[in-house]
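The values are calculated or read from the model by the stated rules, or taken from the named source; none is laboratory data. Model, not experiment: these values are computed from the prediction. Glycine also receives a Cβ, built like all others from the backbone with ideal geometry; neighbour counts cover every protein chain displayed. Protein only, heavy atoms only, side chains kept; ligands, DNA and RNA dropped before computing areas. Shrake-Rupley method; radii C 1.70, N 1.55, O 1.52, S 1.80 Å.
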Amino acid sequence: MKCSKCGTENLLKAGYCKNCGARFSDAEKQQARADATVTKLKKADEKIEQGSKLADILTLKFITENVYVRLALIVLPFIFSLIVSGGDKSAIKIRESDEYRLRYEAGGEMYYVDVDADTVSLLLYVPKDTQSVQVYFTDLAGLQEDAMEFSLGRQITVPAREDGFYTVSAMLPDGWASLEMCVE
């Protein structure tokens, strides 16, 4: 408690100032106790706040409660699974091989297979439920030749032709998955 006459700090339970001997009134004593309680509560609040900040750091709450971090934790595994799984499981794709050079143009959705021989044996990724594979040729005039059908265990071999393109289709229980390719 602070003396109102000389400003000396005294014990909270003191009845008189230790410096000037002035007597403390009951109102001054009550105010000093109230001030001391408020000070203790403020200090307790500060300690709680410090503990809370430490807990946030230890539990990484400041990161995990961030909206962008949460969004990334949802989206990144999805993107990763698409990359690892190869994307669309209902799509048919040509695999790389030492027999040919492969190029894919997404804009035209066309594979270009460059070979040094008269024929090419294709390696394909086909959907899991594929029953068979059909290949037919379309010439530059738009005329289609008869389709060749291949079972899954059979090698898919087609002649190299520059006068049109091939359509390779995987027959599925619920429809077809197809791709187009030029073999030159």
Within region 1-99: Cβ-based charge dipole about Cα centre, in debye rounded to nearest 20 (Lys, Arg +1; Asp, Glu -1)
1040
For Rg and Dmax of the Cα atoms in Å, calculated from these coordinates, the label among [x] 20.8, 73; [y] 15.5, 49; [z] 41.0, 119
[z]
Which length gain, in nm to one decimal place, applies between Ile57 and Leu140 when the Cα-Cα distance is subtracted from 0.36 nm times their residue separation?
23.2 nm
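All other residues with a Cβ under 9 Å from the Cβ of Leu123 taken together, and with Lys, Arg as +1 and Asp, Glu as -1, what is their net charge?
Working: positive: Arg95; negative: Glu96, Glu99.
It works out to a net charge of -1.
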Hz values of 3J(HN,Hα) by residue in region 27-37 - Karplus curve (6.51, -1.76, 1.60), Gly and Pro given as x
5, 5, 5, 5, 5, 5, 5, 4, 5, 5, 5
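Over region 90-176, what per residue volume does the convex hull of the Cα atoms give, in whole Å³? Kindly include the intermediate steps, with their values, before the conclusion.
On the way: hull volume 9.6 nm³, N = 87.
Spread over its residues, the Cα hull of region 90-176 gives 111 Å³ apiece.
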Rounded to whole Å², per residue accessible area for the chain with a 1.4 Å probe reads 72
When we measure straight from the Cα of Lys93, which lysines land under 17 angstrom away, once same-chain ones fewer than 8 places off are left out?
Lys128
